[in-house]
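Please read the structure below before turning to the comments.
The values are calculated or read from the model by the stated rules, or taken from the named source; none is laboratory data. What you see is a predicted model, and the numbers here were worked out from it, not measured in a lab. Neighbour counts are summed over all protein chains in view; Cβ atoms, including those assigned to glycine, are modelled from backbone coordinates with ideal geometry. Surface areas here come from the heavy atoms of the whole protein model, side chains and all, with no ligands, DNA or RNA. Shrake-Rupley method; radii C 1.70, N 1.55, O 1.52, S 1.80 Å.
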Amino acid sequence: MTTLMTTVPTDAAIAAVKTAARTVVSTATPPPVAPTGDHHSLAIALFAVVVLVTLGVTLWVGRQGNAAEDFFAGGRDFTPLQNGFALSGDYLSAASFLGVAGLIALYGYDGVLYSIGFLVAWLVVLMLVAELVRNAGRYTLADVLALRLRRRKVRAAAGGASVVVTLLYLVAQMVGAGSLVALLLGTGSPHARTWTIIAVGALMIVYVTIGGMRATTWIQIIKAFLLTGGSVLLTVLLVVRFHGDLGELMRQAADHSGAGHRYLEPGLKYGGSLTSRLDFVSLGLALVLGTAGLPHILSRFYTVPTARAARRSTMWAIGLVGSFYLMAIVLGLGATALIGSAEVRHANSAGNTAVPLLALVLGGGNGSTGGVVLFALISAIAFATILAVVAGLTLASSAAFAHDVWAGAWRARPAREQAKNGRGRRRRGETVPASRSEESVSGISEQQEVVVARFAAAGIGATAIVISLFAQQLNVAFLVGLAFAVAASSNLPVLLYSLFWSRFTARGAVWAVYGGLIPAIVLVFFSPVVSGSPEALFPGLDFHWFPLENPGLVSIPLGFLAGWLGTVTSSEPADPDRFAELEVRALTGAGAA
């Protein structure tokens, strides 16, 4: 998702909001202005409402159940519609809400390609992942692997990769929250961004430690409803503004894009060189394949009672996500038509302020109460989006640490020693009941896992806060793209191999995870997003040698290749009985949690 989540340069954004917007020939639009000091109370009130509502939901839901299944899987009693809203809420981050429309406003046709990539990704999830993961696992991705590859190192690798992916995603969301609040409050003070990051981090810790998956799911449902409603409101206002003539909207967008008809044709952003074409292919691979490996998306499938419900949840999510991105296309065109690509770019080089600026114009424009109210409302919805996503990410990372790294790898030593003595060794043909508790495997109870997960949420939240404070002045777009690339490079290969390849071994699993994780991180570190360009993290340095901004084109094949090499070179053959057990359970649901 490169260029989707850059840090918003609030000073420039505020100045741009105060600059006159470009106007539609047939409909004169007053120049938009940012909220003045008199309107800050409205912004603060709307943000306070979002926080109070989400905290109220967390406290209410947190009292309903304290079992491990409630904390990690929400009791598995959500309906497909509810989980579909939650899935779309988890997926539609601030990067989607603010970034996709901004990219379309800047690059037209090439920006639309982002929305297509995000939507196609859900077809991969529906066809290859949703039902099988729901049947084969309990709480995390590593549960699917452990069903046939019962090794501490496999759980440690999968759990560690999940923590890395979610932490990268988390930092990007929190830095975006700081910039968004600073923009809404009309201040470029770094102290405002700092305290916003700390507040968001504290809220996400409260959401997870008190409410667990139940509260996080309901927060996602509320967020998805607000996001969809806000998008529908802006879209209707925009269509009415152009009297339902979408052709006129496209013509005006092309006229105010600064590129003429090239705005409506491919190649404005990608296609100028072979490197840019390869970069688009790399980004597309990461977006399409990465969704199926995102830990906070995979954990959603455990909140419904059956695999059929998981499939129906995904279908609801496809409908909601698809509708949102169709509206994002219209909003992006509207931002160009009413404001102009130059003003959008001046506000933020990545276009992240396009939607708030458009809301200001549609609400009445320069100095109008309606414009300020709509601007504040859309920004508050974006803030709710960030709160919901960071809560889901924190829960996924804390569950991966507690359930996989701590209980499944570190505390699994007693089970391994028992197997060495012959008491825990499984005879050929003997299956392990799915109801066997974690206590019989690792020597600890699931309630202990919940306690560790709560502490892990606090620790991960604190870590994300510290990293975000140092990163708030930096370009963090690569963090989101890297999260997708790491998920597609490490989590997806090991998941698909485990589900569909009978010869897959524990060595192959470990090699697949690290063979995709390490190259993805190394290649990004030596790419133009870190050094060697004016928009890089370190613009004054140049040590890059990898030409692409996203490593997916290289790191994703390396992850699959490493898994294959690890398997064919493994001295220990795969256990056909365990694969048969996994296959039956994944396809039929027999013995599923």
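With every protein chain kept in the model, how would you rank F538, F455, F242 by accessible area, 1.4 Å probe, largest at the top?
F455, F538, F242
Using a 1.4 Å probe on the protein heavy atoms only, what accessible surface does E69 show? Give it in Å² to the nearest 10.
Number for this one is 70 Å².
Can you sort W316, W195 by 1.4 Å-probe accessible area, starting with the largest?
W195, W316
Shape call for the range 44-170 from the C-alpha gyration tensor, a ≥ b ≥ c root eigenvalues: rounded (a/c under 1.5), prolate (a/b greater than b/c) or oblate?
Because a/c hits 1.5 or more and a/b fails to exceed b/c, the range 44-170 counts as oblate.
Hey, what's the range 484-593 come to in accessible area per residue, 1.4 Å probe, Å²?
Heavy-atom SASA per residue in the range 484-593 reads 42 Å².
Could you sort V51, V61 by accessible area so the largest value comes first, with the probe set to 1.4 Å?
Of V51, V61, the descending order of accessible area is V51, V61.
Could you give the accessible area per residue of the range 174-275, probe 1.4 Å, as a whole number in Å²?
Heavy-atom SASA per residue in the range 174-275 reads 40 Å².
Cβ under 15 Å from W122's Cβ, W122 left aside: what net charge do those residues give with Lys, Arg +1 and Asp, Glu -1?
Summing Lys/Arg as +1 and Asp/Glu as -1 gives +1.
Pop out the carbon and sulfur fraction of the accessible area of the range 63-106 as a percent, whole number, probe 1.4 Å.
48
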